[in-house]
1. How large is Rg over Rh for the chain, taking Rg from the Cα atoms and Rh as the Kirkwood inverse mean of 1/r across Cα pairs?
2. With the full set of protein chains in place, find how many percent of the accessible area of region 18-85 is carbon and sulfur; take the probe as 1.4 Å.
3. Suppose all protein chains stay in the model; what accessible area per residue would a 1.4 Å probe give for the chain, in Å²?
4. Mind checking the dipole of the chain: about its Cα centre, +1 per Lys or Arg Cβ, -1 per Asp or Glu Cβ, Debye to the nearest 20?
5. Express in nm, to one decimal, how much length is gained between Lys99 and Met58 on full extension, taking 0.36 nm for each residue of separation and deducting their alpha carbon distance.
6. Once a ≥ b ≥ c are taken as the square roots of the eigenvalues of the Cα gyration tensor of region 47-114, is the result rounded (a/c under 1.5), prolate (a/b larger than b/c) or oblate (a/b not larger than b/c)?
Amino acid sequence: VSMPANDMTAASLGIEGTSIATQADANAALASLDTALTQMNSQRTDVGAMYNRFESTMNNLSVSEINTQAAESVLRDQDMAKGLTELVRTQLLQEGGMKAFSRFNQISANHLMGLIG
């Protein structure tokens with residue numbers, strides 16, 4: 001992106017050294033001022049358009065940042081749900097294994113008592 005070169009000096013606008021000493025000079029000065037105003041408005045338009053481009057780009061980047069943060073949040077939430085699911089599954093397997101081992105011990109003890117007694 002390149003900024004337009006703006007030169008708003010009296011010399012570049014063509015109004016340097018204008019005189020209103022005579023009616024002809026005043027008419028020429030008015031014409032020069034009209035031209036200068038047209039040039040200034042054109043330059044202001046260029047600057048305003050560039051400013052609007054920057055502002056639009058800034059707003060788009062802001063929306064993109066918000067969307068990226070929202071997507072990251074969704075991914076983190078999904079990872080959390082997956083982690084909790086895995087934790088519960090592991091706990092259930094451990095609990096089931098402990099109950100099965102406890103039951104096996106009871107059956108073994110009863111079986112040994114039946115053999116002894």
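The values are calculated or read from the model by the stated rules, or taken from the named source; none is laboratory data. Predicted, not measured: the structure shown is a model, and the values here were computed from it. With ideal geometry, Cβ positions are generated from the backbone for all residues, glycine too; neighbour counts draw on all protein chains shown. Ligands, DNA and RNA are excluded from the accessible area calculation, which covers all protein heavy atoms including side chains. Shrake-Rupley method; radii C 1.70, N 1.55, O 1.52, S 1.80 Å.
1. Radius of gyration over Kirkwood radius for the chain works out to 1.84.
2. Its accessible area is 59 percent carbon and sulfur atoms.
3. 83 Å²
4. Once rounded to the nearest 20, the dipole reads 1140 debye.
5. Fully extending the segment from Lys99 to Met58 adds 8.6 nm.
6. The shape class here is prolate.
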